[in-house]
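Report on the structure given below.
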Amino acid sequence: MSKVIYTKESKQNLLTYLEQKEKNKNLGLKIGAEDIDNFLVPLSSSDMMAVLARPSNGKTSWMIHYAMQAGKSVMLDKQNGITEYAPPIYITAETPTEELSLKVLSNFMHLDSRFIRAGSEELDWQHVKNEVSAMYSEVPLLYSGHSIVNPRRGLMTIDLIEQSVYDVCDRTGLPPRLILVDYLQRIASPGNSDRRLGLSEVVERLKDLHMSVGCPIIFGSQAKREVDDRPFPVPQAGDGKETGSIEETADVVISLMRPCKYWSVGSEIPKTSPPRVVTENLFFVNVLKQRNGLSDQGFWMNFDMSVTHLSEMEEIN
C-alpha cells in the first residue's frame, strides 16, 4: 500500500505540495467550531490525534463529530469532481455500529436520539427511515465493529484493524478520508501478554498504518482514574491509562472533561473566570500537544450530547 519516496523526487514533491496549497486542496480536517478551529491546525494526512478522557466524558461524541466533518468533505469533493478519498472508517470494539450510526443520524436530523431509542409513538418512522437514506448519501461513513442486528462479536485486534483499512483501500482504490479507532484499551495485541507493552504496540502500529495508507487517524484513550481526584479533573499529557506512549507518538493530543460529571448542574465551577455554570452540555477541551502548532490551550465548548453537536460558547459579559 505504501510508496517509497526517493530523494531525487523531493523537489517535485515539494512543488506539487505547494501547488495543492495554492489551489486550497487537501488542507486537512477541522472540527467545525470556529474558536477551536482557529487554534487547532487542521488534521492532514500525516497527523495522528489522541483523545484522552475519563469514561462518559465525550470521547465517542468528539470522534463522531469529526467523522461527520470527514464524511461531508468527501461528498463536497465528489460534487466538485474530486475523488481523492474513500469515506471515513469508524472502527470500534466498544459500541455497536448501529448505535454509532444512530448518533450520526440524530445529528443529521437534529433529533434527540432518545426518542428513537425509546421507540416513541410520536415519531414518523417512515420519515426517520427516509432520513437514513439521505444521511448515507450526504455523510457517508464506513464501520468496522460488532452489530446488534448481526451479533457475531469477535475480539477486535490491531491485526483486524489493519485488515479492515487495507480492505477499504483495495475495494475503493482510495485511502479513507479519516480513520477513527474507539477506543484504545479495547484493542488487543495478539501474542503480547503484557498489557502495557501490548497497548504501546497498538499505538505504534496505528501510527505505521496511517502513514502507510496516507490519511489522518483519531483514536480515543481512557484516562487514568487518578484524574477524578484532581481539583480540576482534566486529563494531562501522560494520563493515558496503561500506556505512556501516546504523548510521544501522537501528533495532536486532546483531552476532554464534562463538568456535570464532577459538579451538580446549575452550580458554579470553582475559580473560573468568567464564572462557568454547569450545564448538561458544557465541556472543557484542552489542547495538550500539537506537533505543528501551539498547545497548552483550553476551550469551553457547548456539546449538545442529544444530537452530538459541538459549538462555541457565548461568552458571559
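All of Thr308, Thr249, Thr272 fail the test of being in contact with a Ser or Thr (Cβ under 6 Å, 6 or more places away or on another chain) and of a type outside the set (Asp, Glu), apart from Thr308.
The set of residues from segment 112-135 being more than 23 Å from the chain's Cα centre (by Cα) and in a loop (DSSP other than H, G, I, E, B) comprises Ala118, Gly119, Ser120, Glu121, Glu122, Leu123, Asp124.
Consider segment 172-221 and keep the residues that are polar (S, T, N, Q) and within 19 Å of Gly154 (Cβ to Cβ). The one that is surrounded by the most Cβ atoms within 10 Å (Cβ to Cβ) is Ser189.
Which residues, counting only those in segment 81-112, are among the small types (Gly, Ala, Ser) and surrounded by 22 or more Cβ atoms within 10 Å (Cβ to Cβ)? Before you say what the answer is, go through the steps one by one.
Residues of segment 81-112 that are among the small types (Gly, Ala, Ser), as a first pass: 81, 86, 93, 101, 106.
Listed by number, the residues that qualify are Ala93, Ser106.
Yes or no, residue by residue, for (1) touching a strand residue (DSSP E or B) at 6+ places or on another chain (Cβ under 7 Å); (2) under 17 Å from Leu209 (Cβ atoms):
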residue	(1), (2)
Ser44	no, yes
Ala50	yes, yes
Thr60	yes, no
Met63	yes, yes
Tyr66	yes, no
Gln79	no, no
Ala86	yes, yes
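Each residue in segment 234-263 was checked for being more than 25 Å from Ser200 (Cβ to Cβ) and either surrounded by fewer than 21 Cβ atoms within 10 Å (Cβ to Cβ) or modelled with pLDDT under 95 (or both), and 4 of them qualify. Quick one: is Arg196 part of a helix (DSSP H, G or I), over 19 Å from Gly220 (Cβ atoms) and of a type in the set (Lys, Arg)? No: the conditions fail for Arg196. When segment 266-275 is limited to residues that are surrounded by 12 or more Cβ atoms within 10 Å (Cβ to Cβ) and at pLDDT 95 or above, the one that is nearest to Val227 (Cα to Cα) turns out to be Ile269. Scanning segment 200-218 for residues that are more than 15 Å from the chain's Cα centre (by Cα) and outside any helix (DSSP H, G or I) gives a single hit, Gly214. For segment 174-193, the candidate set comprises residues that are in a loop (DSSP other than H, G, I, E, B) and without any contact (Cβ under 8 Å) to a residue 60 or more places away in the chain; within that set, the residue that is nearest to the chain's Cα centre (by Cα) is Ser189.
The values are calculated or read from the model by the stated rules, or taken from the named source; none is laboratory data. Since this is a predicted model, take the numbers as computed values, not measurements. Every residue, glycine as well, gets a Cβ built from its backbone with ideal geometry; the counts of neighbours run over all protein chains shown.
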